[in-house]
Each structure stands twice: as C-alpha cells, then as structure tokens.
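The values are calculated or read from the model by the stated rules, or taken from the named source; none is laboratory data. Values in this document were obtained by computation on a predicted structure and should not be read as measured data. Here Cβ is always computed from backbone atoms with ideal geometry, including for glycine, and neighbour counts include all displayed protein chains. Note: accessible area is taken over every heavy atom of the protein model, side chains too, but ligands, DNA and RNA are not part of it. Shrake-Rupley method; radii C 1.70, N 1.55, O 1.52, S 1.80 Å.
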Amino acid sequence: MIARLDGTLIERDPPRVVVGGGGVGYDVVVSQYTLAQLPADGEHVTLRVYTAASENKLTLYGFGDLEERVLFDRLITVKNVGPSTAIAILSGSSPRDIAGLIAREDIAGLTRIKGVGKKTAELLVVELHEKCEELLLGW
C-alpha cells in the first residue's frame, strides 16, 4: 500500500494530479482543498495517500495535510460514502470547517456542499458528530 508520495508535481488535470518520483508518474485524485495548496508544476510536493484497490482498478487519493487525511478516514466509514464521495465533500471547504459543520449538526450547511444530499448529511451527523467534536478539540 502506498501511504505517502514525495516527488515532483508534473501536471494537474483536476481532480487529478500527477506526481513523479523514482522515474514513475503517479496519478492521484485530490480535493479542491488540496489542489489549492499545491506548489507550481515542477516543484517538490509531498502528499499523504489513501490507496483504494478493487478487482480492476487501483486509485490513489492524495491529501496535502494530516487533518484532511484524518477526516477522509472518518468520512469513508459512513454508509454510502466511498472515497470519491469523501473527496467531493472535502472539496467543499477546509477539513476544520467540514468537521465543524458535522460537530454542530448543521444539516443545511452540509447540503450546501456539492454532492451532499439531505440523507448523506444526516448520516454524516449521526455517525460522525462525536468523532468530529474530538477531532476539532485535537486540532
């Protein structure tokens, strides 16, 4: 499993970026939050990575900071929230803001995030309310 990529930012094609390292270019899916933090093409970049493997596909999801990766790990534990949906949620704002919405049980605020309907917002609150409160205290 790939846990971290350290290399050169080769190109961007949102929501994907290519990071080169050791002669290999890694295709990585990132949120808008991480994309905004990335350096210019050709510069050094380090991403924390979640590796999702299925029968016919291997996908790398990259995160610019630990807070985003930790929240991603929490989000994918929620029913019907897979890695792609979690990245979409994380594209809606900063990890602290999203965790705050969940901790405050702000369904309306969560549904303003593209791709989050009322049912998903309610599930996020029910399943992650306390965990997000803990995350916010730790951050």
**Message:** I'd like to check which helices (runs of 4 or more DSSP H) are fully inside the range 27-112 and have at least 2 residues that are modelled with pLDDT of 95 or more, open to solvent by 30 Å² or more (accessible area, probe 1.4 Å) and closer than 19 Å to ARG12 by Cβ.
**Reply:** 32-37
**Request:** Given the conditions (1) assigned to a loop (DSSP other than H, G, I, E, B); (2) more than 20 Å from LYS131 (Cα to Cα); (3) open to solvent by 60 Å² or more (accessible area, probe 1.4 Å), report the number of the one that ILE2 does not fulfil.
**Result:** (3)
**Complete:** With the first residue restricted to the range 74-98 and required to be at positive phi, and the second required to be open to solvent by less than 40 Å² (accessible area, probe 1.4 Å) and among the polar types (S, T, N, Q), Cβ contacts under 9 Å at 6 or more apart or on different chains are ASN80/THR120
**Prompt:** Name the residues in the range 113-139 that are free of Cβ contacts under 8 Å to residues at least 24 places away in the same chain and assigned to a loop (DSSP other than H, G, I, E, B), would you?
**Reply:** GLY117
**Asked** Counting only residues that are under 20 Å from VAL18 (Cβ atoms) and among the β-branched types (Val, Ile, Thr), how many does the range 62-96 have?
**Response** 1
